[in-house]
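Worksheet for the structure shown next.
The values are calculated or read from the model by the stated rules, or taken from the named source; none is laboratory data. Note that the structure is a prediction, hence the values are computed from the model and not measured. When we count neighbours, we look across all protein chains shown, and the Cβ atoms used for this are built from the backbone with ideal geometry, even at glycine. Accessible surface is based on the protein model in full, side chains and every heavy atom, while ligands, DNA and RNA are left aside. Shrake-Rupley method; radii C 1.70, N 1.55, O 1.52, S 1.80 Å.
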Amino acid sequence: NSKTGGTIQTPSKTQKHAELPPGESEPPEVRDKRRQRLLKCLGDNIWHDYPFDDFVESLGVEQRYDQFIEDWPDLFLSIARGSPVADSKGIVANTDRPIAGLRSLPFTDVFKKHSELMGLTKEARLVKYFILLFNAMIDVVGVANEDIPAGGTPIPDCRVSLKDHQSDAILGTPHKPDIAFYHDYKRRDIHSVHAILEAKMDPNPIRTPEDTRGQLADYGHVLNDKQATRTFAPVFYLHGHLLTLHAYYRDNLYVVELGELCFDTNYWTPSGAKRIQSCLMQFWFLLTLESDIFGHFCNVSKKPRSFIFSPKGKADDNGKGDSKIEVLYSVSQDVKGVKDVKDGAALFCIKETIAHYSYMIGRHVHLLKGTYKRCDAVLKLSWTPVNRLPEGAAYAILNKRPVECIPKIFSKGLLISDLNGYRLEFVLMEYCGQSMAEYLKVKTDNQKAELVPGFVKQLTLCLAQANDTGVLHRDISAGNVCVKNDKVYVIDWGCAKVIGWGTAEDTAKNTGPTQPNHIDVAEQWGFNATTVGQVEVAKDPFTGTPLFMGIPMLSSSPIRGILDDMESVFYVVMDAVRPADTKRDDVQGFKFLDSQSLALSRYSIMMVEEKYLELFGIGNPGKIFRDLFHSMRRFLFEPGNQYISHQLWWDSAFKRQANWDAAPRFMHPEAIELLGEDNGQLKRPAEDEVNAGPFKKLAL
């Protein structure tokens, strides 16, 4: 039962996608490509034949299971004795029972009572048999709980209902698993699914075919992706007579063998019945666990309209944040009558889920838009590798000094400090409006010319102040620059790094007796600042959104600084003012084939001052935009008033410089003051470059 360490890859930037309308299927090639990608993400991070006892212990309920077995040792034995046989013909009646008393068991005659079973295909018959089996288990538990012996413990009731999905997809998805188990919600859709079961009559049940493994991984991913409260996704797999649980965590899969649900021989044996009884007991125990134990970080089964969570540890704003937050899934459109606090928990009322796509590994984010204390707000739940910087810690450092144009944080904290190498954090923040491109779509050319230069000044000031505080954003992109009421916001600091963390001069960055230094922030959030700092340095070339990365980052340069974020600002602003009738994919400057090709293409485009705006889809702008973009281009690509060396895109050791004579024409004066002193290489210590080498392997 050993685990082979898998490769940890940098997550790709999330992409928005829409849920499929009911009844609409997806193209098979799209489905197959996704499943292959999921299997590639899992790689070798699979625990095969993981012991049931170890899995129960990991959930913290081993004593409960032992007590369950002790109190009800033969709970499902009558069902087990009457189980059918799984052979080459599929599930068939077990007629060879040497003990006459067993021939009249209630469940023995399942094939006689349901004569249509033998007319079904092998897999359809297996699914139908499981449904009958599940209903029989519910009946047995109901009868047993009516006659509990003195001092006995009641058997857990089934908290979920079963639905056959062989012919219809789960609402909101293209997925058609054989069976889905639902919480008792009014609406049965992907958000109310507790677990999934897939049944196959595999010719070799010991070795699951790749297409089936991809199908199971797909189910696990959709549960983790669509349900914000998930810690892992349980997918049961019934292959022939064997039942296994596939527990999908972030980038780990635990395959727990529960045992046999049918006889695998053509005759009945007492030991075979005992094995089936054991399998049924394990399955029932897991399926009836509370949701905050089996698959979620909080209980979602009792209150389908909401869930409640509480921050853990010291990361909850030093006790200043809310002790509990209740998230309401649905409220009246008029939320004025909803109290801000209910039963001691501050209320966040969801209006919509912000759709996105995430891979199985790396950072995984759930974004919920709603209201908090009568303000528009966003609740962000993030799974982050424990050796990466939590976004809440980045905000804690940014708040050490005034930093303009970042979201106001209402509350933040840890929910899970370490689960298989990942932490779960939450940040509750103000809603910051539309992307800059969306905001400018409805503006006239004159309004754009009036607004955009001010937006650029705000952006440069924000990044300069953050850099002065010791934080580099590293993912300036179209989706992370928002505008509300003519004010720019830089959001999503989840890819940020702390500059120089773990070095000697780090402790000198205190700004007052009431403000924590960087090391104290790391202690509050429960991680080692030196380790996280070194890993983030190693991740420098791989972090961000490729379409808006600077040329050195597209070329995998290990030297990353504030000038790279400024170059990203340049691309974001050009993308935002592009005419609405042009498509990004048709614009040469945004045509992405691969990172190296885009780096070389942009370097070539920027060489020609007369043509670069046209190649970025802007055409012939007015004087204000022309002066703005020309000054930004000179600042980034003409140090010493001549075009920057080609080393920018091919030499990983090249240190770029800036043309500070051009800065006053687009940059905020305070930003110039903060950044100009180090000619753009601000606060990047030599230790960063030294650490980048030995820790490069952590990024691969």
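Some observations on this one:
- Cα gyration tensor category, rounded, prolate or oblate, for the range 138-199 with a/c compared to 1.5: prolate
- Rounded to 5, the percent of DSSP beta bridges in the range 181-290 classed as antiparallel: 75
- Residues of the range 453-495 with amide N under 16 Å of the 7 Å Cα→Cβ point at Ile624: 453-458, 486-488
- The length gained by stretching the chain between Asp71 and Ser115 to full extension, at 0.36 nm per residue less their Cα-Cα distance, is 12.2 nm.
- Euclidean distance of C-alpha centroids, the range 550-615 and the range 433-492, integer Å: 17
- Per residue accessible area in Å² of the range 551-644, where ligands, DNA and RNA are left out and the probe is 1.4 Å: 40
- Asp251 - accessible surface, heavy atoms, 1.4 Å probe, Å² rounded to 10: 10
- Judged by the ratio a/c of the largest to the smallest principal axis of the C-alpha gyration tensor, the range 588-676 counts as oblate, that ratio being 1.5 or greater while a/b is no larger than b/c.
- Label zone of Ser652 (point 7 Å out along Cα→Cβ, amide N under 19 Å): in the range 551-569 this covers 551-561, 564.
- For a paramagnetic label modelled on Thr531 (point 7 Å from Cα along Cα→Cβ), amide N atoms under 20 Å away belong, within the range 375-390, to 383-390.
- Rolling a 1.4 Å probe across the protein heavy atoms gives the range 191-266 an accessible surface of 26 Å² per residue.
- The range 192-290 - percent of accessible surface contributed by carbon and sulfur, probe 1.4 Å: 50
- Label-point gap, in nm, between Glu352 and Asn446 - each point 7 angstrom along Cα→Cβ: 3.2
- Cα gyration tensor shape of the range 107-239, rounded if a/c is under 1.5, else prolate or oblate by comparing a/b with b/c: oblate
- Label point distance in nm, Glu62-Thr153, each placed 7 Å from Cα along Cα→Cβ: 1.5
- Residue-by-residue Karplus 3J(HN,Hα) for the range 43-57, coefficients 6.51, -1.76, 1.60, Hz, glycine and proline x: x, 9, 7, 10, 9, 7, 6, 5, x, 4, 4, 5, 5, 4, 5
- Packing-based order for 272-281, 489-498, using average beta carbon neighbours within 10 Å, highest first: 489-498, 272-281
- Each of the peptides 132-143, 393-404 was scored by the mean count of other Cβ atoms within 10 Å over its residues; in descending order, highest first, they stand as 393-404, 132-143.
- Vicinal HN-Hα couplings computed from phi for the range 71-85 (Karplus, 6.51 cos²θ - 1.76 cosθ + 1.60; Hz; Gly/Pro x): 6, 10, x, 10, 4, 10, 5, 5, 5, 4, 5, x, 5, x, 10
- Full-extension gain in nm, Ala144 to Lys611, via 0.36 nm per residue minus C-alpha separation: 160.0 nm
- Within the accessible area of the range 110-171 (1.4 Å probe), percent carbon and sulfur: 54
- With all protein chains modelled, accessible area of Tyr643 [1.4 Å, Å²]: 60
- Residue-level accessible surface for Thr469, protein heavy atoms, 1.4 Å, Å²: 10
- Sorting Glu614, Glu638, Glu609 by accessible area puts them as Glu614, Glu609, Glu638; the probe is 1.4 Å, largest comes first, and only protein heavy atoms count.
- Gained length - Lys40 relative to Asp418, 0.36 nm times residue gap less alpha-carbon distance: 133.7 nm
- Shown for the range 385-439: the carbon plus sulfur share of the solvent-accessible area, taken with all protein chains present and a 1.4 angstrom probe, equals 47%.
- Efficiency of FRET from Cβ geometry, Thr269 and Asn299, R₀ 35 Å, rounded to 0.05: 0.25
- Protection-proxy order for peptides 163-174, 49-60, each taking the mean of Cβ atoms within 10 Å per residue, highest first: 163-174, 49-60
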